[in-house]
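A.B. asks: What follows is a single structure, and I will ask about it in a moment.
The values are calculated or read from the model by the stated rules, or taken from the named source; none is laboratory data. The structure displayed is predicted, hence computed values, not measured ones. Every residue, glycine as well, gets a Cβ built from its backbone with ideal geometry; the counts of neighbours run over all protein chains shown. The protein model used for the area step is the full one, side chains on, heavy atoms only, and it has no ligands, DNA or RNA in it. Shrake-Rupley method; radii C 1.70, N 1.55, O 1.52, S 1.80 Å.
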Amino acid sequence: MSRRHWLIAALTLLTVTTLPATLPATPATAAPQEGPGANYAVDDAFTADRTQWWRDDRFGMFIHFGAYSNLEGEYTRPDGTVCRNAEWIQRECQIPKEDYERIAADFDPAGFDADAIAQAAADAGQKYVVITSKHHEGYAMWPTEVNDWNLRDHSSFDPTRDILAELKAATEKRGIKLGFYYSIWDWHDPDFPDPATFPRYEQRMYAQLKELVDNYDPAVLWFDGEWSTDRPNNPWTDRDGERLEAYVRSLSPDIVINNRVGKRRVVDGDTGTPEQEIPDAPVAGQLWESCMTLNGSWGFARWDTNWKSPTELTRNLAGIAGRSGNYLLNVGPDATGRIPAESVSRLRTMGDWLRTNGRAVYGAHAPGIVAEPAWGAVSRRGDRLYASVYDWPATGGSLRLDALAPFQVTGARVLGSDQRVDARRDGDVVTITPSGGPTSDIATVVELTVRTARPAGAARGTGLSASFWPNATFTGDPTVTRTDPGVNYNWKYTGSPDPAIPAEPFSSVWTGQVEAPFTETYTFTTVSDDTVRLWVDGRLVIDNTTPHGPTVDQGTIALRAGHRHAIRLEQTEQGGEASMKLIWSSPNIAQEVVPAARLYRA
Ligand code: FHN
């Protein structure tokens with residue numbers, strides 16, 4: 001090993017064991033609020049300006065790049081046998097720490113070209129990028145001051161370069177937002193595994209996150225490595241996540257945070273994170289983003305040639321948008337820092353399709369007013385439906401859509417084609433009859449212009465009457481009564497509805513009327529902890545009084561346009577975490593916290 005590396009090794013040993021006391025302590029006032037009265041639901045992520053870009057952009061690039069990339073998926077053991085993995089190679093191939101540090105010391109991704117990567121994302125139609133700043137190996141991909149286990153201080157890479165800064169500039173130049181993946185689970189930090197020393201690791205993690213926010217202003221923090229596991233032990237808890245989420249929001253109020261900041265639950269962060277899978281319907285209770293690989297590996301693996309087809313990838317995207325989700329599609333740069341050509345070509349084909357059919361994805365969401373067909377996907381944006389047809393009908397054939405609400409079809413066209421297309425509604429069936437062929441083997445998009453019912457009612461509500469008791473049984477006079485502009489609470493462990501109400505126990509009642517904009521069936525969704533009951537017009541729509549952790553419950557009821565329907569919601573907190581969100585959706589209403597304008601006091 002070179003003199004520089006021995007020096008680094010000595011410094012690393014010294015630094016890791018005797019960290020300077022000047023590191024920022026875990027901020028005592030990390031949370032925007034602490035204790036009774038605190039509410040960690042900073043806004044309604046379904047409708048907030050803060051998340052608008054994320055909900056519009058729909059398609060992002062994931063980048064898995066770390067010291068593991070230097071092995072390119074293969075490790076030859078001292079006995080000559082070859083072990084294969086990707087970003088888990090250190091653990092799964094049981095590479096001794098000293099050997100792994102030697103491998104990292106040889107890492108020289110001189111070919112990392114941020115402009116080329118950002119251009120690949122732009123050509124693909126990917127509107128945001130999330131790159132691993134630190135994966136489970138603990139190796140920081142930026143010049144952190146917290147330790148020397150990083151790309152500047154422990155590699156053969158040019159120490160004057162900062163690839164995250166380069167990527168920030170390259171993405172910004174192209175109007176692409178940049179976010180960071182950050183693994184909580186850390187295989188390298190000696191303080192990580194033991195709960196007794198974990199706070200020292202946590203302090204370093206907070207310091208690194210502050211560096212990332214201060215130096216690069218990320219639009220997303222994509223946490224990972226939150227699950228309970230061993231080798232090494234992972235002591236992360238939901239309470240740790242509560243503090244971490246509050247800390248990150250105190251650093252950057254506009255940032256979008258995924259649910260792995262806590263324990264990957266509906267009350268953690270802003271976005272759910274299905275991985276290598278696509279939910280079969282819109283997800284209730286939280287925004288969501290499917291993350292997926294282009295082959296079978298996150299980190300680069302030269303042996304993994306199991307590449308997905310552009311057709312499959314693009315149809316995934318169309319289907320995800322039609323279920324109001326995002327698609328975070330991964331590339332793994334090799335040891336030189338270059339993205340594999342197989343990745344770039346697939347992404348470019350997706351971008352070609354999006355350049356003609358992007359309206360079906362960007363700013364689009366679940367249609368609500370039609371059922372998802374077997375022949376493709378349907379998304380909606382305002383008064384337009386976008387039918388992405390995978391199986392184009394034979395000449396003279398037609399396509400059927402099943403309507404779920406009243407609307408007329410007032411226009412139809414095929415994106416990228418001037419062919420005439422006939423679309424008409426007869427009862428609850430919409431029939432689409434094209435006159436020409438498909439524009440793409442991947443999917444041909446038919447844009448329907450629809451006229452739906454106009455929303456009725458005054459929409460002059462101010463919220464519901466709310467009462468809160470410092471017991472879990474609604475006993476005695478309520479300590480607090482007020483008007484709540486909506487029911488959007490994530491009290492977690494330390495919060496409560498009001499400073500006068502303890503974090504536990506307490507009970508809550510909201511009463512009044514809910515005004516329906518449309519005559520149709522409404523789905524009410526609650527996110528609650530510990531118990532919930534919801535009545536509308538005196539009917540028990542949701543009833544979950546078995547004490548529970550953060551839970552999504554749903555119930556449906558038909559409401560009349562412009563009519564104000566009686567509503568009553570009860571919640572109790574008996575111990576641990578607490579939350580209560582009242583969300584609705586309908587064929588004409590995308591999922592949202594029921595807005596104040598549609599809520600009237602008792
Ligand atoms: O263990 C990681 C894995 O390496 C990869 O980063 C994925 C991507 O979301 N997340 C974890 C597995 O869930």
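A.B. asks: Among 80, 60, 111, 125, which is the only one that is within 16 Å of the ligand (Cβ to nearest atom) and modelled with pLDDT of 95 or more?
C.D. replies: So the residue among 80, 60, 111, 125 that is within 16 Å of the ligand (Cβ to nearest atom) and modelled with pLDDT of 95 or more is 60.
A.B. asks: Could you list, in sequence order, all residues of the range 231-241 that are open to solvent by 10 Å² or more (accessible area, probe 1.4 Å) and away from the ligand (no atom under 14 Å from the Cβ)?
C.D. replies: Once the filter is applied, which keeps residues that are open to solvent by 10 Å² or more (accessible area, probe 1.4 Å) and away from the ligand (no atom under 14 Å from the Cβ), the range 231-241 yields 233, 235, 237, 238, 239, 240.
A.B. asks: Still on this structure: If we only count strands (runs of 3 or more DSSP E) wholly inside the range 70-189, which ones have 2 or more residues that are more than 30 Å from residue 327 (Cα to Cα)?
C.D. replies: Result: 74-76, 82-84.
A.B. asks: OK, next. From the set of residues in the range 373-395 that are outside any strand (DSSP E or B) and either touching a residue at least 60 places away in the same chain (Cβ under 8 Å) or hydrophobic (A, V, I, L, M, F, W, C) (or both), which is most open to solvent (accessible area, probe 1.4 Å)?
C.D. replies: 374
A.B. asks: Now a separate question. Restricting attention to the range 192-205, does a residue exist that is assigned to a loop (DSSP other than H, G, I, E, B), more than 26 Å from residue 59 (Cβ to Cβ), within 16 Å of the ligand (Cβ to nearest atom) and in contact with a helix residue (DSSP H, G or I) (Cβ under 7 Å, 6 or more places away or on another chain)?
C.D. replies: Checked the range 192-205: at least one residue is assigned to a loop (DSSP other than H, G, I, E, B), more than 26 Å from residue 59 (Cβ to Cβ), within 16 Å of the ligand (Cβ to nearest atom) and in contact with a helix residue (DSSP H, G or I) (Cβ under 7 Å, 6 or more places away or on another chain).
A.B. asks: Within the group 48, 41, which residue is at pLDDT 95 or above and surrounded by 19 or more Cβ atoms within 10 Å (Cβ to Cβ)?
C.D. replies: Exactly one of 48, 41 is at pLDDT 95 or above and surrounded by 19 or more Cβ atoms within 10 Å (Cβ to Cβ), namely 41.
A.B. asks: Do we have residue 116 as in the same structural domain as residue 193 (by TED's automatic domain parsing) and in contact with a helix residue (DSSP H, G or I) (Cβ under 8 Å, 6 or more places away or on another chain) here?
C.D. replies: No.
A.B. asks: Turning to a different aspect of this structure: Since residue 169 meets every condition but one in (1) surrounded by fewer than 17 Cβ atoms within 10 Å (Cβ to Cβ); (2) within 16 Å of the ligand (Cβ to nearest atom), which condition does it not meet?
C.D. replies: Status for residue 169: all satisfied but (2).
A.B. asks: When the range 213-230 is examined, which residues are found to be assigned to a loop (DSSP other than H, G, I, E, B), more than 9 Å from the ligand (Cβ to nearest atom) and buried (at least 18 other Cβ atoms within 10 Å of the Cβ)?
C.D. replies: 218, 219, 226
A.B. asks: Being in contact with an Asp or Glu (Cβ under 6 Å, 6 or more places away or on another chain) and open to solvent by 40 Å² or more (accessible area, probe 1.4 Å) is the filter; apply it to the range 272-311 and report the residue that is farthest from residue 84 (Cα to Cα).
C.D. replies: Checked the range 272-311; the qualifying residue farthest from residue 84 (Cα to Cα) is 307.
A.B. asks: Does residue 567 satisfy being β-branched (Val, Ile, Thr), in a strand (DSSP E or B) and under 25 Å from the mean Cα position of the chain (by Cα)?
C.D. replies: no
A.B. asks: Determine, yes or no, whether residue 66 is closer than 30 Å to residue 591 by Cα, within 16 Å of the ligand (Cβ to nearest atom), modelled with pLDDT of 95 or more and assigned by TED's automatic domain parsing to the domain that holds residue 105.
C.D. replies: no
A.B. asks: Can you name the residue in the range 83-108 that is surrounded by 19 or more Cβ atoms within 10 Å (Cβ to Cβ) and among the charged types (D, E, K, R) and is also farthest from the ligand (Cβ to nearest atom) among such residues?
C.D. replies: If we take residues in the range 83-108 being surrounded by 19 or more Cβ atoms within 10 Å (Cβ to Cβ) and among the charged types (D, E, K, R), then 101 is farthest from the ligand (Cβ to nearest atom).
A.B. asks: Which of the following residues is open to solvent by 50 Å² or more (accessible area, probe 1.4 Å) and modelled with pLDDT of 95 or more: 502, 470?
C.D. replies: Being open to solvent by 50 Å² or more (accessible area, probe 1.4 Å) and modelled with pLDDT of 95 or more holds for just one of 502, 470, which is 470.
A.B. asks: List pairs: first in the range 289-307 and farther than 17 Å from residue 318 by Cα and within 14 Å of the ligand (Cβ to nearest atom), second assigned to a strand (DSSP E or B) and of a type in the set (Lys, Arg), Cβ under 9 Å, 6+ apart or cross-chain?
C.D. replies: Sorted first by the residue in the range 289-307, then by its partner, the pairs are 301/84; 304/84.
A.B. asks: I would also like to ask the following. Is it the case that residue 249 is open to solvent by 40 Å² or more (accessible area, probe 1.4 Å) and at pLDDT 95 or above?
C.D. replies: Against the criterion (open to solvent by 40 Å² or more (accessible area, probe 1.4 Å) and at pLDDT 95 or above), residue 249 does not qualify.
A.B. asks: May I ask you to list the residues in the range 262-286 that are away from the ligand (no atom under 16 Å from the Cβ) and hydrophobic (A, V, I, L, M, F, W, C)?
C.D. replies: Answer for the range 262-286, where residues must be away from the ligand (no atom under 16 Å from the Cβ) and hydrophobic (A, V, I, L, M, F, W, C): 266, 267, 281, 283, 284.
A.B. asks: I would also like to ask the following. Going by the structure shown, is residue 154 within 16 Å of the ligand (Cβ to nearest atom), more than 18 Å from residue 213 (Cα to Cα) and either touching a residue at least 60 places away in the same chain (Cβ under 8 Å) or of a type in the set (S, T, N, Q) (or both)?
C.D. replies: no
A.B. asks: Return the pair list, or none, for Cβ contacts closer than 6 Å from residues in the range 218-239 that are assigned by TED's automatic domain parsing to the domain that holds residue 265 and under 16 Å from residue 267 (Cα atoms) to residues that are open to solvent by 30 Å² or more (accessible area, probe 1.4 Å) and away from the ligand (no atom under 16 Å from the Cβ), at least 6 apart or on different chains.
C.D. replies: 239/493
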